[in-house]
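Working notes, structure below.
The values are calculated or read from the model by the stated rules, or taken from the named source; none is laboratory data. Here the structure is a predicted model, which is why all the values come from computation and not from measurement. Ideal geometry is used to build each Cβ from the backbone, glycine not excepted, and the neighbour counts take in all protein chains shown. Protein only, heavy atoms only, side chains kept; ligands, DNA and RNA dropped before computing areas. Shrake-Rupley method; radii C 1.70, N 1.55, O 1.52, S 1.80 Å.
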Amino acid sequence: MADENSLSFDQTREISNAGTFNNLAVTILDVRTTAEVSGGRIPKAVNIPVAELEQALELTTDQFKDKYKFVLPKHDSKTEALLVYCKSGMRTKMARETLAKHGYKDNLYTYLGGWDEYS
(Lines give C-alpha, C1' and ligand atoms only; values in the text may rest on other atoms or scores of the structure.)
Protein backbone atom coordinates (compact mmCIF):
# COMPACT_ATOMS: atom_id res chain seq x y z
CA MET A 1 0.00 0.00 0.00
CA ALA A 2 1.29 3.43 -0.87
CA ASP A 3 2.10 6.15 1.64
CA GLU A 4 -0.68 8.37 0.32
CA ASN A 5 -3.12 6.11 2.15
CA SER A 6 -1.64 7.07 5.53
CA LEU A 7 -3.74 9.83 7.05
CA SER A 8 -2.97 12.65 9.46
CA PHE A 9 -4.56 13.49 12.82
CA ASP A 10 -6.66 16.23 11.20
CA GLN A 11 -7.88 13.93 8.41
CA THR A 12 -8.72 11.21 10.93
CA ARG A 13 -10.63 13.66 13.15
CA GLU A 14 -12.52 14.89 10.08
CA ILE A 15 -13.48 11.31 9.19
CA SER A 16 -14.62 10.68 12.75
CA ASN A 17 -16.81 13.78 12.61
CA ALA A 18 -18.18 13.41 9.07
CA GLY A 19 -17.97 9.67 8.45
CA THR A 20 -16.59 10.27 4.96
CA PHE A 21 -13.29 10.85 3.14
CA ASN A 22 -12.78 11.41 -0.60
CA ASN A 23 -16.52 10.83 -1.12
CA LEU A 24 -16.30 7.40 0.54
CA ALA A 25 -18.24 6.28 3.61
CA VAL A 26 -15.50 5.29 6.06
CA THR A 27 -15.54 2.63 8.76
CA ILE A 28 -12.93 3.37 11.44
CA LEU A 29 -11.38 0.11 12.66
CA ASP A 30 -9.52 0.01 15.98
CA VAL A 31 -7.25 -3.06 16.07
CA ARG A 32 -6.23 -2.74 19.74
CA THR A 33 -7.34 -5.25 22.35
CA THR A 34 -10.83 -5.02 23.82
CA ALA A 35 -9.30 -3.99 27.16
CA GLU A 36 -7.41 -1.11 25.50
CA VAL A 37 -10.52 0.05 23.67
CA SER A 38 -12.48 0.14 26.94
CA GLY A 39 -10.15 2.98 27.99
CA GLY A 40 -11.21 5.12 25.02
CA ARG A 41 -11.30 5.15 21.26
CA ILE A 42 -11.76 7.45 18.30
CA PRO A 43 -15.45 8.36 18.09
CA LYS A 44 -17.46 6.01 15.84
CA ALA A 45 -14.63 3.42 15.74
CA VAL A 46 -15.43 -0.28 15.78
CA ASN A 47 -13.07 -2.91 17.16
CA ILE A 48 -11.47 -6.10 15.92
CA PRO A 49 -8.24 -6.91 17.77
CA VAL A 50 -5.42 -7.48 15.29
CA ALA A 51 -4.94 -11.00 16.68
CA GLU A 52 -8.49 -11.83 15.47
CA LEU A 53 -8.41 -10.01 12.15
CA GLU A 54 -7.31 -12.88 9.91
CA GLN A 55 -10.02 -15.16 11.30
CA ALA A 56 -12.61 -12.37 11.12
CA LEU A 57 -11.91 -11.89 7.41
CA GLU A 58 -12.60 -15.59 6.82
CA LEU A 59 -16.14 -15.35 8.22
CA THR A 60 -19.19 -15.08 6.02
CA THR A 61 -20.89 -11.68 5.99
CA ASP A 62 -23.63 -12.94 8.32
CA GLN A 63 -21.15 -14.58 10.73
CA PHE A 64 -19.08 -11.40 10.77
CA LYS A 65 -22.08 -9.19 11.47
CA ASP A 66 -23.31 -11.53 14.25
CA LYS A 67 -19.92 -11.51 15.96
CA TYR A 68 -18.77 -7.90 15.49
CA LYS A 69 -22.12 -6.06 15.09
CA PHE A 70 -21.12 -4.12 11.97
CA VAL A 71 -20.54 -4.78 8.28
CA LEU A 72 -17.00 -4.49 6.98
CA PRO A 73 -16.64 -2.58 3.70
CA LYS A 74 -15.86 -4.90 0.80
CA HIS A 75 -12.25 -4.82 -0.41
CA ASP A 76 -13.34 -3.70 -3.88
CA SER A 77 -15.97 -1.16 -2.81
CA LYS A 78 -16.04 2.10 -4.74
CA THR A 79 -18.29 3.79 -2.16
CA GLU A 80 -16.86 2.63 1.19
CA ALA A 81 -13.43 2.60 2.80
CA LEU A 82 -11.70 1.34 5.90
CA LEU A 83 -9.46 3.43 8.20
CA VAL A 84 -7.30 1.32 10.54
CA TYR A 85 -5.54 2.47 13.70
CA CYS A 86 -4.11 1.09 16.95
CA LYS A 87 -2.20 2.60 19.89
CA SER A 88 0.94 3.80 18.16
CA GLY A 89 1.11 2.33 14.65
CA MET A 90 2.72 -1.11 14.93
CA ARG A 91 -0.50 -3.16 14.94
CA THR A 92 -1.90 -0.87 12.28
CA LYS A 93 0.91 -1.98 9.97
CA MET A 94 0.20 -5.63 10.80
CA ALA A 95 -3.51 -5.12 10.11
CA ARG A 96 -2.73 -3.34 6.85
CA GLU A 97 -0.71 -6.35 5.69
CA THR A 98 -3.50 -8.76 6.66
CA LEU A 99 -6.14 -6.65 4.91
CA ALA A 100 -3.94 -6.29 1.82
CA LYS A 101 -3.72 -10.10 1.60
CA HIS A 102 -7.51 -10.07 1.44
CA GLY A 103 -7.60 -7.58 -1.43
CA TYR A 104 -7.87 -4.23 0.37
CA LYS A 105 -5.83 -1.54 -1.34
CA ASP A 106 -7.44 1.57 -2.80
CA ASN A 107 -10.11 1.81 -0.10
CA LEU A 108 -7.76 1.09 2.83
CA TYR A 109 -6.38 3.96 4.90
CA THR A 110 -4.21 3.96 8.00
CA TYR A 111 -3.73 6.38 10.87
CA LEU A 112 -0.24 5.63 12.17
CA GLY A 113 -0.38 8.27 14.92
CA GLY A 114 -2.86 6.00 16.64
CA TRP A 115 -4.67 6.46 19.91
CA ASP A 116 -1.49 7.85 21.50
CA GLU A 117 -1.64 10.87 19.20
CA TYR A 118 -5.42 11.15 18.93
CA SER A 119 -6.08 11.13 22.66
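Annotations for the structure displayed:
- Each Lys or Arg adds one and each Asp or Glu subtracts one; over the other residues with Cβ under 13 Å from the Cβ of ALA35, this totals +1.
- Other residues lying with their Cβ under 11 Å from the Cβ of GLY113 contribute a combined charge of -1, Lys and Arg counting +1, Asp and Glu -1.
- Above-threshold pairs, the threshold being 21 Å between Cα atoms, out of LYS67/LYS105; LYS78/LYS101; LYS69/LYS101: LYS67/LYS105; LYS69/LYS101
- Rounded percent of accessible protein surface that carbon and sulfur make up, segment 1-61, 1.4 Å probe: 47 percent
- Close amide H pairs (under 5 Å, H built 1.01 Å from N) link LEU59 with no residue at least 5 positions away or on another chain.
- For the chain, taking Cα atoms only, Rg and Dmax work out to 12.9, 34 Å respectively.
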